[in-house]
Each structure stands twice: as structure tokens, then as C-alpha cells.
Amino acid sequence: RVGSPPDKLPKPLALALADGTVRVEWAKKEPRKAVEGYVLQFKEAGKEAGKEAGGVDGGFVTVYNGLAKSLTMKDLKENHKYQWRVKACNSKGDGPWSDVVTLQVPVMGPSA
């Protein structure tokens, strides 16, 4: 039985994989309260996306809503910084946003 919204999740982990691809992972440990889904938001660091671009709350845009605990994002710009945050949700409401993780996508050299 769900009694209250989920607690704040730890900061997500962002891993640069290759050529503008980043894997973001969250909720490695099961939260203490019931979770029925996760919401992941992201933005380019330093950019304040307007409402017309789907931006909310400081420019963050929702890129995932569901039960998975990771997301792979492709086609991010090399040498640009991006930020992600996540929250857990259940039928009693949304938990608070996690702390923000920032990652600068590395410049990948030409293939040898």
C-alpha cells in the first residue's frame, strides 16, 4: 500500500559512451517507499529553454517517464555540458527532484 510520495532519489549517474552518446542511470537501490514510475529531465547547461521549446522549471525538459532506471541519449553535441535530474512518482504524488548531475560530452577523436 502506498502511504506517501517517494523520497528524494540520489543524483543520477551520467556516463559518456561514444560519439555524443550518454547513458544516464538512476535508482540503483530500491527506494524505501513505493515507486510507480520515474521522470528524467535534461537540459544543456547554461541554456534556459523557453516554454515554447517544452522547457519548464529552469529550462529542464522531460525526456523519459516510465519504470526503467536508465536511458541512453544519442546525438548530443561534443564539448557541450548537459544536466540531468530525476524524481520518483507514485499514486500519492511526486517525490522531490534529485540533485542535478552535469556531464561535458567529450570530443571523440577520429577512428584509427
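List of remarks:
Per-residue answers, yes or no, for (1) of a type outside the set (D, E, K, R); (2) out of contact with any strand residue (DSSP E or B) (no Cβ under 6 Å at 6 or more places or on another chain); (3) closer than 15 Å to Lys8 by Cα:
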site	(1), (2), (3)
Ala68	yes, yes, no
Glu78	no, yes, no
Lys81	no, no, no
Lys92	no, yes, yes
Trp97	yes, no, yes
Val101	yes, no, yes
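- Lys28 vs. criteria surrounded by 14 or more Cβ atoms within 10 Å (Cβ to Cβ), part of a loop (DSSP other than H, G, I, E, B) and at pLDDT below 95: no
The values are calculated or read from the model by the stated rules, or taken from the named source; none is laboratory data. As the structure is a computational prediction, the values presented were derived from the model and not from experiment. As a convention, Cβ positions derive from the backbone with ideal geometry for all residues, glycine included, and neighbour counts pool all protein chains shown.
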